[in-house]
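To start, the structure under review is shown below, and the notes come after it.
The values are calculated or read from the model by the stated rules, or taken from the named source; none is laboratory data. Since the model is a prediction, treat every value here as computed from it, not as a measurement. With ideal geometry, Cβ positions are generated from the backbone for all residues, glycine too; neighbour counts draw on all protein chains shown. These area figures cover heavy atoms from the full protein model, side chains too; ligands, DNA and RNA do not enter into them. Shrake-Rupley method; radii C 1.70, N 1.55, O 1.52, S 1.80 Å.
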Amino acid sequence: MSARTFLAREIFDNPVLRKELFMRLRLRQSTQVRSGILLAILLLMGTFYYFVVKFLLGENNAEIGATTWKAIIGLQFTLLCLITPAVTANAITQEKEQQTWEMLLYTSLTAGEIILGKLAARIALLCLLLVLFFPISLFAWLHSLILAPNAAGAVSVGQFAATYLVMLLSILFFATSGLFLSFYLKRTLYAIMGAYTFVIGFLMIGTALVTFILAGLFTNERVFDNCPLMWINPVMMMSEVLNPDGLPNAKMFLVFGMLSYLLLSLLMLWRMIYGFRRFAMEA
Amino acid sequence: MPMVEIKHLRKEYKDKPEPAVKDLSLELEQGDIFGFIGPNGAGKTTTIKMLATLLIPTAGTALVDGIDVVKNPEKIRSIIGYMPDFLGVYDDIKVWEYLDFFAAAYRIPKDRRPQIIDDVLALTDLNVKKDSYVESLSRGMKQRLCLAKTLVHDPKVMLLDEPASGLDPRARIEIRELLKELQSMGKTIIVSSHILPEMEEFCNKVGIIERGEMIVAGDVNTIARQVRGHQNISIGVVDDIERAAAILQGMTDLIRDVKVTNGLRQLNDADGGEGRGQTLQRESFSTKGSVLQVGYIGEPDNEYKILTTLVEAGIKVRAFYTPETDLEDVFLRVTKGQVA
């Protein structure tokens with residue numbers, strides 16, 4: 001099977017993906033309510049855009065643009081960390097709870113189609129958040145770039161791209177871990193709790209806490225740089241990509257963190273797809 | 001070649017000391033409607049799930065249309081329609097969208113799906129609900145929708161796990177009629193149910209399973225005969241009941257016992273049980289005069305000899321029939337109420 005055929009079947013022509021997107025984007029409320037929801041989103045985003053643009057246009061300092069851009073990225077990243085577990089951890093448990101999982105397993109769909117379809121649908125929704133913020137992010141970045149492309153603290157093209165790459169990889173990793181928990185657990189509540197515990201409890205707080213303890217034990221000031229556990233801390237990764245000069249070896253740690261996210265995501269996907277029928281059938 | 005061929009099927013669960021299914025063998029031909037009967041936890045659902053490729057057998061083989069369910073599960077899923085014992089439906093989706101999703105999941109080309117959806121909706125009598133949201137359907141309708149979903153890929157064999165479970169009498173009748181329609185379409189159906197009189201009505205074969213073991217399996221009347229040791233025959237006569245009884249009692253090579261009952265008692269008996277409407281109609285026919293209940297022990301095709309003897313003796317025979325096999329009675333006789 002060629003890569004194109006594989007992608008067409010597993011992703012683009014995937015009934016699970018289409019159903020998931022369709023059902024999640026469908027608003028069953030009346031036209032008035034739907035219009036109200038859209039209007040509220042537009043108003044919220046419009047206000048945010050208005051104030052940011054107004055603020056940036058009134059400033060001629062290149063650093064202000066860069067700082068604003070970093071603030072926007074930080075806001076997006078915080079939202080992604082908070083939303084992703086809730087969005088993904090119900091993907092399969094919901095099917096189990098509404099007793100449609102077995103029927104889905106029984107169809108001619110492959111394990112890849114089901115798992116990747118569900119993952120892609122949720123990642124697509126999470127990417128909407130990036131899309132919503134992208135114009136203002138681009139504006140703030142261009143503001144700093146146009147005013148002083150070579151100034152200290154200016155955001156380079158590479159840094160801009162790397163930041164989005166970190167966000168996309170974080171989405172992939174958080175979403176896959178949520179899906180993974182949803183695959184192995186029976187209840188949505190437990191899967192969501194597990195996903196938040198993993199992303200916020202372990203990756204964000206746990207890794208830092210362990211590092212602090214290690215720092216205390218070994219009285220090593222550089223423990224943050226040298227403890228690999230910290231390299232997969234999403235806050236640390238974002239801080240490394242936003243302030244590449246802040247830490248020695250930041251680039252190396254960042255690459256390690258990004259590769260870890262990618263490999264762990266692939267490992268979880270492989271585990272789910274490989275053990276799909278066997279596990280799903282015996283569960 | 002049998003449509004379904006199960007040989008020495010066994011299923012063990014890690015967390016249970018006793019196997020859920022042990023040494024189960026069965027053969028079904030095309031067009032057979034097999035009623036799978038057994039108490040809760042007997043192994044019906046496990047067996048059905050193994051056939052549906054949802055569980056891997058610990059030992060034994062199961063072939064459907066000559067295809068091994070373990071070796072080629074993808075192919076099996078394309079020729080089997082499986083309806084689980086619970087209502088699994090997506091909310092926030094319309095009836096036709098639900099069917100379209102499953103049709104796509106069975107890789108039915110997009111251009112063929114609308115016609116197939118219309119056909120299965122017509123078959124399940126849900127055409128008027130095509131654009132309704134699934135969550136707005138009654139339980140009976142949802143059950144029929146599940147059945148419609150099971151039919152979208154035109155399976156040769158259907159596995160229906162408790163299709164009438166939890167339904168009200170009307171919905172149960174609707175499902176029963178639907179199964180009869182599917183039977184007329186030549187589908188091979190394996191159906192598990194606790195409502196034995198209904199099973200008796202449309203199943204040509206039944207199997208009784210207890211503690212994972214198939215106790216008896218085969219033609220309903222043959223099983224009843226095996227279990228009871230005789231076949232019941234009812235003979236309505238206009239008069240001369242005593243003489244008719246005496247003649248029959250003399251046929252010791254064919255008849256084990258003869259009982260004389262009157263019409264009134266027959267009516268009460270027939271009116272007694274749930275789901276016995278069909279039996280009531282038939283038994284009511286015999287209420288005008290006396291009825292002889294004969295325990296026939298001869299060959300299955302030789303019942304006519306009794307009738308010939310009576311007619312030749314001048315007995316005015318008004319009715320001669322084998323009453324509905326009381327599957328409940330058979331079930332109670334062969335099972336002990338134990339689960340695996």
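The table below lists the values:
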quantity	calculated
Criterion: at pLDDT below 70, surrounded by fewer than 16 Cβ atoms within 10 Å (Cβ to Cβ) and in contact with a helix residue (DSSP H, G or I) (Cβ under 6 Å, 6 or more places away or on another chain) - qualifying residue of B:Leu267, B:Leu327	B:Leu267
Positions within the range B:127-136 being open to solvent by 10 Å² or more (accessible area, probe 1.4 Å) and either within 14 Å of chain A (Cβ to nearest Cβ) or hydrophobic (A, V, I, L, M, F, W, C) (or both), in sequence order	B:Val128, B:Asp131, B:Ser132, B:Tyr133, B:Glu135, B:Ser136
Of the criteria (1) open to solvent by 40 Å² or more (accessible area, probe 1.4 Å); (2) β-branched (Val, Ile, Thr); (3) part of a loop (DSSP other than H, G, I, E, B), which one B:Thr61 fails	(3)
Pair list, Cβ < 9 Å and 6+ apart or interchain, from the range B:161-178 residues that are in contact (Cβ under 8 Å) with a residue 24 or more places away in the chain to residues that are aromatic (Phe, Trp, Tyr) and in a helix (DSSP H, G or I)	B:Arg176/B:Phe202
Leading residue by the ranking (farthest from the other protein chains (Cβ to nearest Cβ)) among those in the range B:50-77 that are touching a Ser or Thr at 6+ places or on another chain (Cβ under 6 Å) and closer than 21 Å to B:Asp32 by Cβ	B:Val69
Qualifying residue in the range B:31-40 (condition: within 14 Å of another protein chain (Cβ to nearest Cβ) and among the small types (Gly, Ala, Ser))	no
Failed condition for B:Leu24, given (1) in contact (Cβ under 8 Å) with a residue 24 or more places away in the chain; (2) within 27 Å of B:Ser138 (Cα to Cα)	(2)
Pairs where the first residue, in the range B:127-138, is assigned by TED's automatic domain parsing to the domain that holds B:Ile116 and charged (D, E, K, R) and the second is in a loop (DSSP other than H, G, I, E, B) and open to solvent by less than 80 Å² (accessible area, probe 1.4 Å), C-beta under 6 Å, 6+ apart	B:Glu135/B:Asp91
Candidate set: the range A:89-112, residues that are farther than 18 Å from B:Gly88 by Cα and either within 21 Å of the chain's Cα centre (by Cα) or assigned to a loop (DSSP other than H, G, I, E, B) (or both); chosen: the one nearest to the other protein chains (Cβ to nearest Cβ)	A:Thr110
Output for the range B:1-45, where each listed residue is part of a strand (DSSP E or B) and of a type in the set (Asp, Glu)	B:Glu5, B:Asp23, B:Glu27
Residue satisfying all of: in the range A:160-183; open to solvent by 30 Å² or more (accessible area, probe 1.4 Å) and in contact (Cβ under 8 Å) with a residue 60 or more places away in the chain; nearest to A:Glu97 (Cα to Cα) among these	A:Leu181
Unmet criterion (only one of (1) in contact with a Ser or Thr (Cβ under 7 Å, 6 or more places away or on another chain); (2) within 14 Å of another protein chain (Cβ to nearest Cβ); (3) surrounded by 21 or more Cβ atoms within 10 Å (Cβ to Cβ)) for A:Lys118	(1)
Contacts under 6 angstrom Cβ, first residue in the range B:88-116 being on the phi < 0 side of the Ramachandran plot and more than 9 Å from chain A (Cβ to nearest Cβ), partner in a loop (DSSP other than H, G, I, E, B) and open to solvent by 10 Å² or more (accessible area, probe 1.4 Å), 6 or more apart	B:Lys94/B:Asp131; B:Val95/B:Lys130; B:Val95/B:Ser132; B:Trp96/B:Lys130
Tabulated pairs, the range B:233-252, first on the phi < 0 side of the Ramachandran plot, second among the aromatic types (Phe, Trp, Tyr) and open to solvent by 10 Å² or more (accessible area, probe 1.4 Å), C-beta under 6 angstrom, 6+ apart or interchain	B:Ser234/B:Tyr321; B:Ile235/B:Phe320
Pick from the range B:69-87, criterion under 16 Å from B:Ala103 (Cα atoms) and touching a Lys or Arg at 6+ places or on another chain (Cβ under 9 Å), ranking: most open to solvent (accessible area, probe 1.4 Å)	B:Ser78
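Okay, residues lined up against (1) within 21 Å of the chain's Cα centre (by Cα); (2) open to solvent by 20 Å² or more (accessible area, probe 1.4 Å):
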| site | (1), (2) |
| --- | --- |
| B:Lys11 | no, no |
| B:Pro17 | no, yes |
| B:Glu27 | yes, yes |
| B:Gly43 | yes, no |
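Conditions tested, residue by residue: (1) more than 17 Å from A:Tyr190 (Cα to Cα); (2) surrounded by 17 or more Cβ atoms within 10 Å (Cβ to Cβ); (3) within 14 Å of chain B (Cβ to nearest Cβ); (4) touching a His at 6+ places or on another chain (Cβ under 9 Å).
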residue: A:Thr47; (1), (2), (3), (4): yes, no, no, no
residue: A:Val53; (1), (2), (3), (4): yes, no, no, no
residue: A:Gly58; (1), (2), (3), (4): yes, no, no, no
residue: A:Asn61; (1), (2), (3), (4): yes, no, no, no
residue: A:Ala66; (1), (2), (3), (4): yes, yes, no, yes
residue: A:Cys81; (1), (2), (3), (4): yes, yes, no, no
